[in-house]
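Remarks on the structure that follows.
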Amino acid sequence: MDGFDQTVNVKVIMATNRADTLDPALLRPGRLDRKIEFPLPDRRQKRLVFQVCTAKMNLSDEVDLEDYVSRPDKISAAEIAAICQEAGMHAVRKNRYVILPKDFEKGYRANVKKPDTEFEFYK
């Protein structure tokens, strides 16, 4: 890469959610040695992320995380974390120490976009 001394061991890490928009010059052989993709989590992985994110939360017995795991929406681990955080914040705003199913539903609706949503960059 331009601007770096050849004797220094430099590692460059790049990340994108839009690989389709990368300049082809970046993708030429010899530029990037490895391409690592992180696909969206499957059901087992979703379940684990929900369990980790809610481990220290005071969930009502009525909260069924399996309901959210089994939904067909394609959601990332970051979106799952945001759902859990929003559910907790909704309960706090209502001055409750217990997180109810309606809190999770609110968090889910706030963080999961419907597939028919058209984004500006697709036009």
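General remarks:
- Count - residues of the range 41-55 that are part of a helix (DSSP H, G or I), touching a helix residue (DSSP H, G or I) at 6+ places or on another chain (Cβ under 7 Å) and either among the aromatic types (Phe, Trp, Tyr) or surrounded by 14 or more Cβ atoms within 10 Å (Cβ to Cβ) (or both): 6
- Odd one out for SER76 among (1) touching a helix residue (DSSP H, G or I) at 6+ places or on another chain (Cβ under 8 Å); (2) surrounded by 15 or more Cβ atoms within 10 Å (Cβ to Cβ): (1)
- Failed item, numbered, when ILE36 is tested on (1) surrounded by 12 or more Cβ atoms within 10 Å (Cβ to Cβ); (2) out of contact with any Gly (no Cβ under 9 Å at 6 or more places or on another chain); (3) hydrophobic (A, V, I, L, M, F, W, C): (1)
- Qualifying residue in the range 12-21 (condition: surrounded by 10 or more Cβ atoms within 10 Å (Cβ to Cβ), of a type in the set (S, T, N, Q) and at pLDDT below 95): no
- The range 57-102, residues that are more than 23 Å from ASN17 (Cβ to Cβ), of a type outside the set (Gly, Ala, Ser) and in a loop (DSSP other than H, G, I, E, B): MET57, ASN58, ASP61, GLU62, VAL63, ASP64, LYS94, ASN95, ARG96, TYR97, VAL98, LEU100
- Long-range neighbours under 7 Å by Cβ, at least six apart or interchain, first residue closer than 12 Å to MET89 by Cα within the range 100-114, second hydroxyl-bearing (Ser, Thr, Tyr): LEU100/SER60; PHE104/TYR68
The values are calculated or read from the model by the stated rules, or taken from the named source; none is laboratory data. Just so it is clear, the structure is predicted and the values come from calculations on it, not from any experiment. No Cβ is skipped: glycine too gets one built from the backbone with ideal geometry, and neighbour counts run over all protein chains shown.
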